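Worksheet: one structure, shown below.
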Amino acid sequence: MRLAPQETRTYLVTAVTAGRRSLFQVTATAELFQRTILDYHGQGKFLLHAFVIMPDHFHVLITPAPDVSLEKAMQFIKGGFSFRLKSSFEVWERSFNESQIPTEEKFVSCAKYIEDNPVRRGLATAPEAYPFSSAARGRLDVMPVHLQGNKARA
């Protein structure tokens, strides 16, 4: 199955825990979720541009691989984590919110929004001080080529 070209499919995605439980307030659980995201990224399921794991939700800026739909990428992330967690409780709300990234400016502002989230919530004094974020480890994949120099049309 070949989907739309990878470089035209970059998204800001947000998903929340079931009942907005503060699941990721527990360090071991947040670490497991971070490993899950990084493992699927390492397998080439998606490019990972920025991420943050908050106590009851997460944000990712991703570009799914050419043969992976956004829904499948989210299934890897959410379903893969649920499988690893082996919880007897519901882990996630069923859906997720996504916004396609059309321009360089939107990409930059979304990455900043993601990485500044812990500071806005009072969980860290600086983005790089929050351990469950791309700001703490450095962005993993650069902006897709098609967005570079792609300015918003007035």
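Scanning the stretch 100-123 for residues that are at pLDDT 95 or above and in contact with a Phe, Trp or Tyr (Cβ under 7 Å, 6 or more places away or on another chain) yields Ile114, Pro118, Leu123. A single member of Val91, Val108, Val119, Val60 is under 16 Å from Leu38 (Cβ atoms) and either among the hydrophobic types (A, V, I, L, M, F, W, C) or touching an Asp or Glu at 6+ places or on another chain (Cβ under 9 Å) (or both), and it is Val60. When the criteria are applied in full, Ala65 meets the requirement of being crowded, with 17+ Cβ neighbours inside 10 Å and either touching a Gly at 6+ places or on another chain (Cβ under 8 Å) or of a type in the set (Ser, Thr, Tyr) (or both). Across the stretch 85-109, the qualifying residues are those that are of a type in the set (A, V, I, L, M, F, W, C) and over 13 Å from Tyr11 (Cβ atoms), and the one among them that is surrounded by the most Cβ atoms within 10 Å (Cβ to Cβ) is Trp92. Within the stretch 96-111, work out how many residues are part of a loop (DSSP other than H, G, I, E, B) and free of Cβ contacts under 8 Å to residues at least 60 places away in the same chain. Number of matching residues: 2.
The values are calculated or read from the model by the stated rules, or taken from the named source; none is laboratory data. Just so we're clear, the structure is a prediction, and the values are computed from it rather than from any experiment. Here Cβ is always computed from backbone atoms with ideal geometry, including for glycine, and neighbour counts include all displayed protein chains.
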